[in-house]
Amino acid sequence: MSRLLISLASLKGGVGKTTSAIHIAGHLSEKGRGGVAVVDRDRTRSATSWSRSGNLPFFVGTQDAAFKRADEFTTLVIDSRGGLENEELQEMAEASDFLLLPTNVEYMSLDAMAQTAEALGAMGNRAFGVLFTMARPGKRLDTARRVLEELGLPVLNATVRASEAFKDASEQSLLVRDVKTNKLAHKCWEDYGEVVQELFGRMEANA
Ligand SMILES: Nc1ncnc2c1ncn2[C@@H]1O[C@H](COP(=O)(O)OP(=O)(O)OP(=O)(O)O)[C@@H](O)[C@H]1O
Ligand SMILES: [Mg+2]
């Protein structure tokens, strides 16, 4: 199995990178991709703190820690800090099999996506895509999608719903799949299942 590298990035902070990295890694582990690692490249170490219970079914650690055990991993999911410089974003896109750009529908996030589109504009056909997180179906989401598509950004059809279940998951150091305090937690888990499925579809189309 060749090594797969999926990266999460955004210019704007707080848009769901860490939540997405953890749940994408969760689904990849469940699919039986052995040796999944989340590489925590944010110095706030949110992904590492999410894994504090030791109950996540994959490795979470710093880049140094992951490199030391590189032989064990076939899939790396990179969680980065918000507010990357354009060059860092471009480097990440170059290095990744897929660069996923989470965003919410707020004006400021969409404005940051416009800058992202500019930074990645020269990237040719590298595989990247925007993921709407914290999404509520409706006109605002439809408009946001149209705005980004008009900027030339590929937007995933799959979206991740807004739900407190994700906060419960991070507080309880669990995947949302295992959260018992929210009735819709399984739906939240399925949302990321669809994201992963679409990522694979898009990577295959690009190969
Ligand atoms: N789908 C969702 N619905 C509701 N809340 C969410 C969702 N996804 C993430 N959140 C919450 O939004 C906040 C930011 O999410 P997260 O930490 O994943 O973003 P981030 O992009 O990694 O942030 P940072 O830039 O600070 O690293 C957290 O409180 C998280 O629990
Ligand atoms: Mg984060």
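What the table shows:
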quantity	calculated
Selection count, the range 62-111, where residues are part of a helix (DSSP H, G or I) and small (Gly, Ala, Ser)	6
Qualifying residues in the range 7-35 (those that are open to solvent by 10 Å² or more (accessible area, probe 1.4 Å) and not in a loop (DSSP other than H, G, I, E, B)) - the one farthest from ligand 2 (Cβ to nearest atom)	Glu30
Qualifying residue in the range 44-58 (condition: among the aromatic types (Phe, Trp, Tyr), surrounded by fewer than 21 Cβ atoms within 10 Å (Cβ to Cβ) and more than 11 Å from ligand 2 (Cβ to nearest atom))	no
Any hit, the range 45-55, residues being among the polar types (S, T, N, Q) and farther than 21 Å from Asp168 by Cβ	no
Residue in the range 175-207 that is farthest from ligand 2 (Cβ to nearest atom), counting only those that are among the basic types (Lys, Arg) and touching a Gly at 6+ places or on another chain (Cβ under 8 Å)	Arg202
Count - residues of the range 175-190 that are more than 11 Å from ligand 1 (Cβ to nearest atom), open to solvent by less than 30 Å² (accessible area, probe 1.4 Å) and assigned to a helix (DSSP H, G or I)	2
The range 155-174, subset within 16 Å of ligand 2 (Cβ to nearest atom) and touching a helix residue (DSSP H, G or I) at 6+ places or on another chain (Cβ under 8 Å), residue most open to solvent (accessible area, probe 1.4 Å)	Ser170
Output for the range 1-42, where each listed residue is within 8 Å of ligand 1 (Cβ to nearest atom), in contact with a Ser or Thr (Cβ under 6 Å, 6 or more places away or on another chain) and among the hydrophobic types (A, V, I, L, M, F, W, C)	Leu8, Val15
Some residue of the range 73-87 being away from ligand 1 (no atom under 16 Å from the Cβ) and open to solvent by 50 Å² or more (accessible area, probe 1.4 Å)	yes
Residues that are of a type outside the set (A, V, I, L, M, F, W, C) and surrounded by fewer than 15 Cβ atoms within 10 Å (Cβ to Cβ), drawn from the range 191-207	Gln197, Gly201, Glu204, Asn206
Identity of the residue in the range 88-125, more than 16 Å from ligand 1 (Cβ to nearest atom) and touching a Phe, Trp or Tyr at 6+ places or on another chain (Cβ under 9 Å), that ends up farthest from Phe166 (Cα to Cα)	Leu120
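The values are calculated or read from the model by the stated rules, or taken from the named source; none is laboratory data. What you are looking at is a predicted structure, and each value in this text was computed from that prediction instead of being measured. In this analysis, Cβ positions are derived from the backbone assuming ideal geometry, glycine residues included, and neighbour counts consider all displayed protein chains. For accessibility, only protein heavy atoms count, side chains too; no ligands or nucleic acids. Shrake-Rupley method; radii C 1.70, N 1.55, O 1.52, S 1.80 Å.
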